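**Student:** Have a look at the structure that comes next, please.
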Amino acid sequence: MLSRVADSLYWMSRYAERAENIARILDVNLQLLLDLPKLAPEEQKTLWEPVLRSTGDHEDFFKHHKITNSENVIDFLTLHPKNPNSIVNCITTARENARHVREQISLEMWEEINRTYLWMKSQTLKKIVRQGPYDFFSAVKNASHLFQGITDGTMTHGEDWDFIQVGKYLERADMTTRILDANDEIFINQPATTQTSGTLHWSAILRSCSSHDAYRKFYVAQVEPDKVVEFLILSEFFPRSIRFCAQTLDEALRRISGCKDEHFTNHAEKLSGRLVAELNYSALEDIKTVGMHQYMDELQIKLNTIGEAIFQTYLFSPPLPSPEPEPELKPEPPPKPTPKQSQTQKLPKAPAAA
Amino acid sequence: MALLDKYKPGDFFDEMFSAEGQVRPHYAALFERFQNLDQEEFEQRRTAVDAAFLRQGITFTVYSDEQGTERIFPFDLMPRIIPNSEWSRIETGLIQRMKALNLFLKDIYSDQRILKEKVIPKEDVLTAKHYRPEMVGVPVPKDIYIHICGSDMVRDREGTYFVLEDNGRCPSGVSYLLENRSAMKRAFPNLFSSVGVRPVAHYTQDLLTVLQYIAPQNGRIPTVVLLTPGIYNSAYFEHSFLARQMGIQIVEGQDLVVQDKKVFMRTTKGLEQVDTIYRRLDDDFLDPKVFRKDSVLGVPGLVEAYRAGNVSLANAIGTGVADDKVVYKYVPDMIKFYLSEEPILANVPTYLASNPKECEYIVSHLEKLVVKSANESGGYGMLVGPASTAAQRADFKKLILENPRNFIAQPTLSLSRHPSYCDGRFEGRHIDLRPYILCGEKISIVPGGLTRVALRKGSLVVNSSQGGGSKDTWVLYGDS
């Protein structure tokens, strides 16, 4: 298949998944707000700033809004035209990529992503607030599930489908780290954390990851922060846990190359295989030793590196050597100092052309 | 009150009604069906069809709008009907024309016999903007230059068909023909069997057969691709539609590379050779090494591979010379010269500004004529005399005198009209017809074509860029 097509399928899938997860991240806090007493402006700020940081769009937000409150954050992360990762822009980018490969995907997939796009374009903040943001976010999630279901049910499960899986699970793993990271911070910052508010909080996280029932079935226990973390990172069978995502991602990469388990034929496979092994042999204690934020940050870097390796291996076509004589070599300029890694990794972006 | 009760054919050739106001026999069944619809029912179907077009993304982008709003092409639910015997004559006439055009192109790019024998003035051909001297002496597979042609036809006040122009470069619109038919089948499923309409859906299969037929003979099953300028091109929907229907890859210039005079596409598994390119990109942009240096849409080295016979292009390079409106005037002469036959379909009388006598006539009769530039399409660069202002005529006069080679003029035809739904009722609107001709092992034409309709009252311009819409076109199995 064309490298450009693989690239578009990959980004289509990533952005569709991203839209869903932005809705999930916002949903945690909105669920929480339902159970909390009315918050003072300062408390609202404490609740929402980690959310902005978790998507890496913290600085951009303040270019457009002064006050960190529910309404502004919802505006910025759902409908803001200048935020490349707002839900509307994620859907638009996913749909643009789908349009690029419209003859490769099934008719049903195209119609569904196009329907979602037209629906998103008709939304306004006023409308979302009036009908209740919960309905809106649940519609975003449902649209994503429908799209994924249609994809699985109508598309040939060949190389093209595998690139969609790669995009989906890479994005999902990354977003789960962000949900955990943001909420860990909120949790730490809460002034007098009572047992109840803690339970409320972690229940909200579980619900926003659609994992509440799965968690209860697995642990048959109260919602406890440690167990929630363990479940969302290390669960072998829950489809939004980071371990599950890494495992599925690795399988899709191996199907694409035809390489057997426990071997690798390219850099992307080497890195994904290594991550799977790491997660398979990790326990909650290991995460706690490193520290939640640090651990999530490292995971994000690893996931980004896998994404970069996939790009180099499959999607990027280096220009062919030109027959013209090479221009004279100039001495290399001294290397620029690399900027210090920001606290949270920026979300990877689709190439500008897409 | 029934939908068509108040309809007035007016002083035109009306496709549906005779001058006496009688329904023509081939419209009888359709007329009856529409008369049984009430307004509300009709509006419901119309809304449903429009919504389906939007959902399927059969849209074009309004460039001036920052929001990137997408609009659907207006579709008129009342189909245009052509009886079988009428269609047979059109078909035979277009096949004849196609044969002559391909023989002409072969001649122009080899011996230039038609010029040497002074059947057509040499200067009119060799000065055509899209004449490609680079192609002289380059053989093309099976001697076919135009593989896909969309000829525009109109009818005058008497109902006589004329060929208005031949689009032999990258004619577009066939996807609308096919989508219009699907839309009509969904809106009026029962009508088709009762009227007896010839199908059109085989077009894409026929197109693929042509593209495979012209592929280089290298012992492999030919790999066919469609080359598009990209998703921002206004015809992108059509490109992806055709690629999907044929099951071929759609590629952009950046996806192709040339090595050892062979064309390859970049895939996740390395390079894969390409045999036929259905290119929806004008000659100018195909290869920055040969044509426009600034083209980023094309493929460097493509022309070299083409000349070496390692890749086939549809249409061939240089077919634009037959598109030229000056050269158009001579198509009847080509038919006589190459085929020793009389033209079956008439040309619209055409005056050339490059001829001093005709030029004089043109500039002194601008208010009666339609003036067209020789190489524009899409309804641009054109003056409709009777609808023009004195200032517009003065501008055109200046343009014509500055560059006579670039202009032709034709009498303003009173184009036929068709009942079309406008502002809540049926009114007569001018229409044309673009049949799609495929030229491979044999020449075939999908029954009918795209009927375009000038939805603005009184307008003669049917182009979508100028407020035009389209209709489904039905060729009947019989004559009524």
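The values are calculated or read from the model by the stated rules, or taken from the named source; none is laboratory data. Because the structure is predicted, anything quoted here is derived from the model rather than measured. Neighbour counts run over all protein chains shown; Cβ positions are idealised from the backbone, glycine included.
**Student:** Does segment A:6-20 hold any residues that are closer than 13 Å to A:A350 by Cα and either at the interface with chain B (Cβ under 9 Å from one of its Cβ atoms) or not basic (K, R) (or both), and which are they?
**Tutor:** Of segment A:6-20, the ones closer than 13 Å to A:A350 by Cα are A:6-16, A:18.
Within segment A:6-20, A:A6, A:D7, A:S8, A:L9, A:Y10, A:W11, A:M12, A:S13, A:Y15, A:A16 meet the criteria.
**Student:** Given B:K142, B:K116, B:K122, which one is on the phi > 0 side of the Ramachandran plot and surrounded by fewer than 16 Cβ atoms within 10 Å (Cβ to Cβ)?
**Tutor:** Working: B:K116 fails: on the phi > 0 side of the Ramachandran plot; B:K122 fails: on the phi > 0 side of the Ramachandran plot.
Only one candidate qualifies: B:K142.
**Student:** Next question. For the subset of segment B:27-42 comprising residues that are crowded, with 16+ Cβ neighbours inside 10 Å and not aliphatic (A, V, I, L, M), which member is nearest to the other protein chains (Cβ to nearest Cβ)? Explain how you work it out, then say what you get.
**Tutor:** Step one: of segment B:27-42, the residues crowded, with 16+ Cβ neighbours inside 10 Å are B:27, B:29-31, B:34, B:37, B:42.
Add one more test, that the residue is not aliphatic (A, V, I, L, M), and what stays is B:27, B:31, B:34, B:42.
Details: B:Y27: 34, B:F31: 34, B:F34: 30, B:F42: 25 Å.
Selected residue: B:F42.
**Student:** Now for a different question. Is there a residue in segment B:317-327 that is closer than 26 Å to B:E117 by Cβ, among the polar types (S, T, N, Q) and surrounded by 14 or more Cβ atoms within 10 Å (Cβ to Cβ)? Steps first, please.
**Tutor:** Narrowing segment B:317-327 to residues closer than 26 Å to B:E117 by Cβ: B:317-327.
Filter again for among the polar types (S, T, N, Q), leaving B:319.
If we keep only those that are surrounded by 14 or more Cβ atoms within 10 Å (Cβ to Cβ) too, we end up with B:319.
Yes.
**Student:** Can you tell me which residue in segment B:282-309 is farthest from the other protein chains (Cβ to nearest Cβ), limited to those that are hydrophobic (A, V, I, L, M, F, W, C) and over 22 Å from B:P139 (Cβ atoms)?
**Tutor:** Taking segment B:282-309 first, the residues hydrophobic (A, V, I, L, M, F, W, C) are B:285-286, B:290-291, B:296-297, B:299, B:302-303, B:305, B:308.
Still in the list and also over 22 Å from B:P139 (Cβ atoms): B:285, B:296-297.
Numbers: B:F285: 17, B:V296: 11, B:L297: 13 Å.
Checked segment B:282-309; the qualifying residue farthest from the other protein chains (Cβ to nearest Cβ) is B:F285.
**Student:** So which residues in segment B:342-370 are part of a loop (DSSP other than H, G, I, E, B), surrounded by fewer than 23 Cβ atoms within 10 Å (Cβ to Cβ) and either in contact with a Cys (Cβ under 9 Å, 6 or more places away or on another chain) or aliphatic (A, V, I, L, M) (or both)? Lay out the reasoning, then the answer.
**Tutor:** Just the residues of segment B:342-370 that are part of a loop (DSSP other than H, G, I, E, B), to begin with: B:342-345, B:348-350, B:353-355, B:365.
This time we only want the ones that are surrounded by fewer than 23 Cβ atoms within 10 Å (Cβ to Cβ), so: B:342-345, B:348-350, B:354-355, B:365.
Hits for segment B:342-370 are B:I344, B:L345, B:V348.
**Student:** Hey, among B:S444, B:S416, B:S388, B:S373, which residue is among the small types (G, A, S), closer than 30 Å to B:V23 by Cβ and in contact (Cβ under 8 Å) with a residue 12 or more places away in the chain? Even if it seems obvious, please write down each step before you answer.
**Tutor:** On the way: B:S444 fails: closer than 30 Å to B:V23 by Cβ; B:S388 fails: closer than 30 Å to B:V23 by Cβ; B:S373 fails: closer than 30 Å to B:V23 by Cβ.
The match here is B:S416.
**Student:** Can you tell which of A:S106, A:S13, A:S122, A:S54 is buried (at least 22 other Cβ atoms within 10 Å of the Cβ) and more than 30 Å from A:T199 (Cα to Cα)? Spell out the reasoning first.
**Tutor:** Values: A:S106 fails: buried (at least 22 other Cβ atoms within 10 Å of the Cβ); A:S122 fails: buried (at least 22 other Cβ atoms within 10 Å of the Cβ); A:S54 fails: more than 30 Å from A:T199 (Cα to Cα).
None of the others qualify; the one that does is A:S13.
**Student:** What strands (runs of 3 or more DSSP E) completely inside segment B:372-480 contain at least 2 residues that are touching an Asp or Glu at 6+ places or on another chain (Cβ under 7 Å)?
**Tutor:** Details: elements: B:382-384, B:407-411, B:417-422, B:425-434, B:436-439, B:443-445, B:450-454, B:468-475.
Qualifying strands (runs of 3 or more DSSP E): B:417-422, B:425-434, B:443-445, B:450-454, B:468-475.
**Student:** All but one of (1) surrounded by 18 or more Cβ atoms within 10 Å (Cβ to Cβ); (2) in contact with a helix residue (DSSP H, G or I) (Cβ under 6 Å, 6 or more places away or on another chain) hold for B:G93; which doesn't?
**Tutor:** If we test B:G93 against (1) surrounded by 18 or more Cβ atoms within 10 Å (Cβ to Cβ); (2) in contact with a helix residue (DSSP H, G or I) (Cβ under 6 Å, 6 or more places away or on another chain), just (2) comes out false.
**Student:** Take segment B:103-129 and flag every residue that is charged (D, E, K, R) and outside any loop (DSSP other than H, G, I, E, B). Spell out the reasoning first.
**Tutor:** Our first condition is that a residue be charged (D, E, K, R); within segment B:103-129, this holds for B:106-107, B:111, B:113, B:116-118, B:122-124, B:129.
Selection gives B:K106, B:D107, B:R113, B:K116, B:K122, B:E123, B:D124.
**Student:** So, one more: Select, from B:M98, B:M16, the only residue that is surrounded by 14 or more Cβ atoms within 10 Å (Cβ to Cβ) and under 30 Å from B:V136 (Cβ atoms). Working first, answer last.
**Tutor:** Numbers: B:M16 fails: under 30 Å from B:V136 (Cβ atoms).
When all the criteria are applied, what remains is B:M98.
**Student:** Further question: Tally up the residues in segment B:221-272 that are on the phi > 0 side of the Ramachandran plot and at the interface with chain A (Cβ under 10 Å from one of its Cβ atoms), please.
**Tutor:** Residues meeting the conditions: 3.
**Student:** State all residues of segment B:221-246 that are of a type in the set (S, T, Y) and not in a loop (DSSP other than H, G, I, E, B); if no residue qualifies, say none.
**Tutor:** Of the residues in segment B:221-246, the ones of a type in the set (S, T, Y) are B:223, B:228, B:232, B:234, B:236, B:240.
Scanning segment B:221-246 gives B:Y236, B:S240.
**Student:** Can you pull out every residue in segment B:375-408 that is closer than 22 Å to B:G468 by Cβ and under 21 Å from the mean Cα position of the chain (by Cα)?
**Tutor:** B:N375, B:E376, B:S377, B:G378, B:G379, B:Y380, B:G381, B:M382, B:L383, B:V384, B:I408
**Student:** Given (1) modelled with pLDDT of 85 or more; (2) in a helix (DSSP H, G or I); (3) under 21 Å from the mean Cα position of the chain (by Cα), where does A:S210 come up short, assuming only one miss?
**Tutor:** The single condition A:S210 does not satisfy is (2).
**Student:** What number of residues within segment B:252-311 are among the small types (G, A, S) and closer than 24 Å to B:A235 by Cα? Give the derivation first.
**Tutor:** Narrowing segment B:252-311 to residues among the small types (G, A, S): B:253, B:270, B:295, B:298, B:301, B:305, B:308-309.
Checking which are closer than 24 Å to B:A235 by Cα leaves us with B:253, B:295, B:298.
Looking only at that region, the number is 3.
**Student:** With the condition kept exactly as written, say whether any residue in segment A:232-248 is in contact with a Cys (Cβ under 6 Å, 6 or more places away or on another chain) and in a loop (DSSP other than H, G, I, E, B).
**Tutor:** Taking every residue of segment A:232-248 in turn, at least one turns out to be in contact with a Cys (Cβ under 6 Å, 6 or more places away or on another chain) and in a loop (DSSP other than H, G, I, E, B).
**Student:** Sticking with this one: Please pick out the residue among B:R80, B:R45, B:R24 that is more than 14 Å from chain A (Cβ to nearest Cβ), closer than 16 Å to B:R417 by Cβ and in contact (Cβ under 8 Å) with a residue 12 or more places away in the chain. Reasoning before the result, please.
**Tutor:** On the way: B:R45 fails: closer than 16 Å to B:R417 by Cβ; B:R24 fails: in contact (Cβ under 8 Å) with a residue 12 or more places away in the chain.
Exactly one of B:R80, B:R45, B:R24 is more than 14 Å from chain A (Cβ to nearest Cβ), closer than 16 Å to B:R417 by Cβ and in contact (Cβ under 8 Å) with a residue 12 or more places away in the chain, namely B:R80.
**Student:** Can you tell me how many residues in segment B:73-87 are under 14 Å from B:A52 (Cα atoms) and in contact with a helix residue (DSSP H, G or I) (Cβ under 7 Å, 6 or more places away or on another chain)?
**Tutor:** Count: 3.
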